[in-house]
Structure formats: structure tokens, C-alpha cells
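**Q** Sharing a structure, written as C-alpha cells. Questions coming.
The values are calculated or read from the model by the stated rules, or taken from the named source; none is laboratory data. Quick caveat, the model's predicted, so the values are computed rather than measured. Every residue, glycine as well, gets a Cβ built from its backbone with ideal geometry; the counts of neighbours run over all protein chains shown. Ligands, DNA and RNA are stripped out before the accessible areas are found, and what is left, the full protein with its side chains, is counted by its heavy atoms. Shrake-Rupley method; radii C 1.70, N 1.55, O 1.52, S 1.80 Å.
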Amino acid sequence: MAGIEEQIQDDVAAAPAAVAPKEFAVENPATGEVIAHCPDLGAEEIAAMARRGREVQPAWEALGFEGRGRILRRMQKWVIDHQEEVIAVIRSETGKTYEDALIAEISYGAAAFGFWATNAENYLADEKVKSSAVLVKGKKLMLRYKPLGLIGVIGPWNYPLTNSFGDCIPALAAGNSVILKPSEITPLTSLKLAEGLKECGIPDGVFQVATGLGATGAALVNQVDMIMFTGSTKTGKQVMKAAADTLTAVSLELGGKDPLIVLADADVDRAANTALYYGMFNGGQTCISIERVYVEAPVYDEFVSKVTEKAKALRQGAGASGQVDVGSMTFPPQVDIVEKHVEDAKAKGARVVVGGSRGEHAGGYWYEPTVLVDVDHTMLAMTEETFGPTLPIMKVRDEEEAIRLANDSPYGLGASVFGKDIKHAESVARRVDSGAVCINDALVNYTALELPMGGAKASGLGSRHGAGGIRKYCQQQAMLVTRFATKKDPHMYPYNAKMTGRLSKFFKFLYGRGSRD
Ligand code: NAD
């Protein structure tokens, strides 16, 4: 970590030119130490950045997919070439382990630059459309995707590369300028990556980072053509309300409470390993973390004992690669939420079989990997987003009860079902109300950039990845071309009874012969 503070100071110095009167501090959550200060930009600075972004966007769009793709591909290599520096910055502001940063941030970022460089054109190429409508016979119909112009991306603190910066990549690939407002808890990764984009040749002003608190995000909503928001459901609703004033389009990736169902015929070892890994991965601070587990009675004891044994072996700390499994928490108030959920569960009869406290650390914000049993839906740990390293496990009578409880949530982001009879497990999975569902797996669906990722119910609106993940950054424009034209079409003025009669007969012939059943 030597030199990281200087590195961060340099990154901050590379922040937008506008000098903000206010600043905010960034902490290393593993130690509690302040590692940087960033400008808390106000509405005027955001308006100036928006003007700059709009000014340079037409030239960026004119570069075409090829020209933009070249810069994005360079950036893919940059991410890998600079991975140690980027991981150090990510770790310094999130407290996550080296492996969590490598597996879920570096690999995502690098893959995403290549994916969008290659696929943007396929998803956004003009599409020919065929129509059976009578009035357009002989005409050329097309659908085209035109970049909206200026996109605002607002991100959370749990994955500063993947969830904040990651959503900027398709927006840029589509030909938009982007202003990213990263979380005030983790702004340094975005500044580091802005430096990378600059080195890779992105024109000035096409990608800008607006550091600041919530008010900075609110100011951004008023300035852009579309907002891509990732964060809590509560803030997402505020963003959508504000965007309604200017009829600005929003895409919202919000909170979750993902269930994992273990059916009686499941491979219990795989189910236990997956539940524990994706419950504790990134300290449980993943929108699609396993937040609750329902296990059919016949395999419940075996599942609990396997999870317990594995959870006891987890190493928590801020050590180097390979030395620790679970890092610190990132957002100080989140530790209070986790503690509240565990204490509430205990007070209502749950048993803590592993962890259950903040542990002993010299400083920083920590909560131990924790496994809870004898839980039910009267407890916050089973009904509200915990967003920490906890795994509450509930015994269920049968799959009907598991499905009912899995759906007993305002959220619907991801879900998992484990069972050896794949057809049967799939039939259970299809009954879960969620934007994504994995069978005998969890979370890795996120890495398939061809597959849409978005929430059902209070987990969001719209999706990232796949065709929808880039088309949302564009105005869909329908085009009709009349190439071989007569001076006047038969239905045009002046109306006359003879032509009306002919048209009427024609419509009857076309549409009036349907079934009389
Ligand atoms: P948050 O809602 O508190 O903050 C998110 C961002 O919104 C921050 O940058 C914040 O400064 C900004 N903001 C705050 N008030 C604003 C306002 N009025 N207008 C505009 N912007 C405003 O969320 P968080 O605590 O940073 O992140 C954790 C949450 O994010 C969890 O609920 C998690 O599930 C969710 N999340 C969802 C996904 C997903 O893909 N669905 C991914 C990651 C995180």
C-alpha cells in the first residue's frame, strides 16, 4: 500500500477543474483513517460540467463505433496493466479483500470494456422492420438508435468500479457524454479510472466525474438526458420523482433481499458452499448477495452443519492476497444496520451459530461473518435488506412454503434454487418473483453481459447488460422512407364517397373474415 495516499491525492487533483468551495473526507473503512478529500460539487459546477459534456458529445458520436471502440479496447488493457494500482485504490476506500476486488471489479471492468467495444454496434445497428399495415406497403421501415446526448450515472459504494463506473461504459460506447456521480464513500476509484480513460485518448469532457454528496446527485438529475441510478430503493424513488419534473428517463438498479432455496434432493455440499460464498462475498455488500436461505426439512440439519463448519473457518481482516476471506464493511452506518438485524433476530428467538459481533479490530468498521438459525419472517434479518456478512437459514416444510416465503418480500432482484432434478428445480425457479434466478448457482449471472440484469418489484426499473443495457442510453427513432412515390396517395384529400367505399370494402376483405366462434 506504500505510496497509495500520494496516488490518491494525485487522482483527486485530476478531478474536474471547477473549484468547489466545499470538500468531504474519504476514509479507509478498514482502519477509519482519512485518506483523501474530494470536492463537494454544487449545482453550478454540475451545470458547467453538463455544458462541457454537451459541447463535446457530437464529435464523440461522430467518431463512430470503430473510433470509440478503439479507445474502449485500449482501456480494457489499461485496466489489466494497472490492476494492482486500481485494486489498491478500491481496497483503500471499500475495505474489501484483494480477491473480492479482483474477481468482481477488475475482471468485470476489463470484460465490460471489451464487450461493449465489440457489441455496441450489433445492438445499435439500424434494424429493418416489416409491417403488414396497408398504408405502408412498398415503403422502407427502419428502427435506429440515436445516442441521447448526456447521461448521468449515479452510483453506490459497494462496487465503485462495477456498479458506478461499469454503467458508464455502454453509455460511452453508444456515443454519449457521461457525468458520473460516484458515492461520496468511494469516489477515488472513479477518479482513478477517469485518469485511465484520459491516457487511453478519450476526448476532454466526454467523461467527467462529479464528486459530492447526495445533493450533487440531485443536481445532476436536473441536467442530463437520462439518469442511470444504482443505490437504495429509498433514494431511487427520490431520483424518479425529481426526474418526473423534466420528464428525464431513469433506469433504476435498487436494493435486494435475495433468497436461496435448498430442495430436498440438492447437492448439499454445493448448496452450502454457494450460500456461504455468495452470502459473505464482498462482506455481504452485494445487491445480489444471498440474504436468506430456505431449506427443506430433510436436508436442513446437514446444510446447517456444513455451513457452520465452513463459516467458522473464514478469515476476516485487511491482509494481503490469499491471507483473508472476508474484508471490512465499507459504509459505517451499515454496521449498525447489520448489528440491529442480528440483535432483533436474537431477541425474537434466533440462534447465532457463528459470529454475531463486531469482532476485535484496532479501528475501522467490521462485522463478523455470521450464521443465524431458527429464524422466521417476524425478524428484520429475513425481511429487510441487511447488506452485511450474515446468512440466516430457515427450515421449511416443503417447496410450497419455500416459494411463498421467497416471494414474501417487497424486493425481487435475484434468487437461487438448488436441486439435482434440474427440470423440477427450474419449475420452482420460474415461480420466484425476481429479475434473475439461478439454478444450482448464484450471482454469476451478473458476469454474463449478454444477459439482462435488473430488478422486479422494489428492486428496480429497467436493466443493465444485453441489448436493453445499451439501448436505454439511446433515443429509439422510427424511420419510414417512401422511395417510389406517386403524386398523391388514394386516401388523401379530397375525400370522396367512391374511394371511401372502395377502402371500406378493402378493409372488410382484409380484416372482416375472422372466426365467428
Ligand atoms: P444510496 O441510495 O444511499 O446512494 C446511492 C447514490 O445516490 C450515492 O452516490 C448518493 O450520493 C446518491 N444520492 C443520495 N441522495 C440523492 C438524491 N436525492 N438524488 C440523487 N442522488 C442521490 O445507496 P448506497 O447506500 O450508496 O448503496 C447501497 C444500496 O445500493 C443497497 O440498497 C444496494 O442493494 C443497492 N445496490 C443495487 C445494485 C443493483 O444493481 N440493483 C447494485 C449495487 C448496489
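**Q** Give the cross-link partners of LYS508 among the lysines, using a straight C-alpha distance below 21 Å as the criterion and excluding same-chain residues fewer than 8 apart.
**A** Cross-link targets: LYS137, LYS498.
**Q** Ignoring any ligand, DNA or RNA, what whole percent of the accessible area of the range 258-452 comes from carbon and sulfur when the probe is 1.4 angstrom? List each step's numbers first, then the result.
**A** Details: 3840 of 7700 Å².
That share works out to 50 percent.
**Q** Percent of accessible area on the range 41-118 owned by carbon and sulfur, 1.4 Å probe? Provide the component values of the computation, followed by the final result.
**A** Working: 1760 of 3050 Å².
With neighbouring chains kept in place, the figure for the range 41-118 is 57 percent.
**Q** Loop-only check: which GluC sites (Glu not before Pro) in the range 351-440 are DSSP coil with at most 16 other Cβ within 10 angstrom?
**A** Values: sites: GLU360, GLU384, GLU385, GLU399, GLU400, GLU401, GLU426; in loops: GLU360, GLU384, GLU385.
Answer by residue number: GLU360.
**Q** How about LYS312: which aspartates and glutamates have a C-alpha closer than 17 Å to its C-alpha, ignoring those fewer than 8 places off in the same chain?
**A** In chain and number order, the partners are ASP269, ASP301, GLU302, ASP325, GLU360, GLU368.
**Q** Give me the angle, in degrees from 0 to 90, between the Cα long axis of helix 83-94 and the longest principal axis of the Cα atoms of the chain, rounded to the nearest 10.
**A** The angle comes out at about 70 degrees.
**Q** Using Cα atoms only, what is the angle between the long axis of helix 233-245 and the major principal axis of the chain, expressed in degrees (0 to 90) to the nearest 10?
**A** Taking the Cα atoms of the chain, the angle to 233-245 is about 30 degrees.
**Q** Here's something else I'd like to know. What dipole magnitude, in Debye to the nearest 20, does the chain give about its Cα centre under +1 on Lys/Arg Cβ and -1 on Asp/Glu Cβ?
**A** Numbers: 56 positive and 63 negative charges, 829 e Å.
Here the chain has a charge dipole of around 3980 debye.
**Q** With every protein chain kept in place and ligands, DNA and RNA left out, what is the accessible area per residue of the range 258-452? Probe 1.4 Å, answer in Å². List each step's numbers first, then the result.
**A** On the way: 7700 Å² over 195 residues.
Solvent-accessible surface per residue comes out at 39 Å².
**Q** Then there's this: For the chain, just say rounded, prolate or oblate: build the C-alpha gyration tensor, square-root its eigenvalues into a ≥ b ≥ c, call rounded for a/c under 1.5, and beyond that prolate if a/b exceeds b/c, oblate if not.
**A** On the way: a/c = 2.33, a/b = 1.32, b/c = 1.76.
Judged from the Cα gyration tensor, the chain comes out oblate (a/c at least 1.5, b/c at or above a/b).
**Q** With a 10 Å radius around each residue's Cβ, average the other Cβ atoms per peptide and rank 24-31, 155-162, 262-269, highest first.
**A** Details: 24-31: 20.6, 155-162: 27.4, 262-269: 18.8.
With the highest mean Cβ count within 10 Å placed first, the list reads 155-162, 24-31, 262-269.
**Q** Right, here's the next one. For the pairs LYS346/LYS420; LYS22/LYS472; LYS140/LYS487, note any where the Cα-Cα span goes beyond 27 Å. Provide the component values of the computation, followed by the final result.
**A** Values: LYS346/LYS420 33 Å; LYS22/LYS472 34 Å; LYS140/LYS487 18 Å.
Long pairs (Cα-Cα over 27 Å): LYS346/LYS420; LYS22/LYS472.
**Q** How big is the charge dipole of the range 258-452 about its Cα centre, in debye rounded to the nearest 20, if each Lys and Arg gets +1 on its Cβ and each Asp and Glu gets -1 on its Cβ? Intermediate results must be reported in sequence, preceding the final value.
**A** Values: 18 positive and 30 negative charges, 64 e Å.
Around 300 debye, computed over the range 258-452.
**Q** So how tilted is helix 4-13 from the main axis of the chain? Cα-based, degrees 0 to 90, rounded to 10.
**A** Here the helix axis deviates by roughly 30 degrees.
**Q** Follow-up question, since we're still on this one. For the range 150-211 and the range 303-366, what is the separation of their Cα centres, given in Å?
**A** For the range 150-211 versus the range 303-366, the Cα centre distance is 32 Å.
**Q** Kindly flag which residue pairs out of LYS146/LYS198; LYS241/LYS457; LYS348/LYS395; LYS77/LYS146 have an alpha-carbon separation exceeding 19 Å in this structure. Walk me through the numbers before you get to the answer.
**A** Numbers: LYS146/LYS198 25 Å; LYS241/LYS457 17 Å; LYS348/LYS395 16 Å; LYS77/LYS146 28 Å.
Flagged as over cut-off: LYS146/LYS198; LYS77/LYS146.
**Q** Hey, another quick one. Measure out, as a whole number of angstrom, how far apart the alpha-carbon centroids of the range 256-281 and the range 438-505 sit.
**A** Answer, in whole Å: 38.
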